[in-house]
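Read the structure below first, then the notes.
The values are calculated or read from the model by the stated rules, or taken from the named source; none is laboratory data. Just so we're clear, the structure is a prediction, and the values are computed from it rather than from any experiment. A quick note on method: Cβ atoms are made from the backbone with ideal geometry, for glycine too, and the neighbour counts reach across all protein chains shown. Keep in mind that these areas ignore ligands, DNA and RNA; they rest on the heavy atoms of the full protein, side chains included. Shrake-Rupley method; radii C 1.70, N 1.55, O 1.52, S 1.80 Å.
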Amino acid sequence: METSGDQLGPILLRTSETSCSSALSLTASLLQAFPRHQGLRRTVINLSSLCAQQAFPSWFLYCTGKAARDMMFRVLAEKPDAKVLNYSPGPLDTDMQAQARCSSGDVELRRSLCSMFRRGQLMSCQESGAKLTRLLLDVDFPTGAHVDYWRVTCLFS
């Protein structure tokens, strides 16, 4: 079902509000559960996406929601309470990726995603998670940074 331009604004607003408010609520709860004290290093990680930085045809709501969350966490990074990282895990072999290969609204994007799958270019969540762990332990990234899986791969090559 197509959404008219008149309907798009309220849908976008609700989607972005839900994405941001749930992440903000969870983050605030965790920061309260682990208050600042000497020797405790608090790091907040937003699982981001290339879609937060680059427009993908037919992924209007997803890209907008990811961009809004990235900005929200960049604003949080301005406070000294915790170090903040926006981490893009790279192209993952997930149910969402499989669904996008089958039903993404843009034919060229579907072809590109299918090609990545056929060529074995999708990573497991475990592989990307291992890169994230290494980044957190070995790199002094600036708070509020947006770091992509591929950048981490280059750092450790």
Rg [Å, one decimal], Dmax [Å, integer] - the chain, C-alpha atoms: 17.2, 54
The chain - accessible surface per residue (Å², probe 1.4 Å): 64
Modelled label reach - Leu136, point 7 Å along Cα→Cβ, region 37-79 residues with backbone N closer than 14 Å: 41-48
Per DSSP, loop trypsin sites (Lys or Arg not before Pro) in region 68-99 with at most 13 further Cβ within 10 Å: none
In Å, descending, principal axis extents of the Cα set of region 17-69: 47, 20, 10
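Once neighbouring chains are kept in place and the probe is 1.4 Å, which whole percent of the accessible area of the chain is contributed by carbon and sulfur? Please report the intermediate quantities before stating the final value.
Values: 5750 of 9990 Å².
Accessible surface attributable to carbon and sulfur in the chain totals 58 percent.
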Fraction of the pair-distance distribution of region 58-130 above 17 Å, Cα-Cα pairs, percent: 57
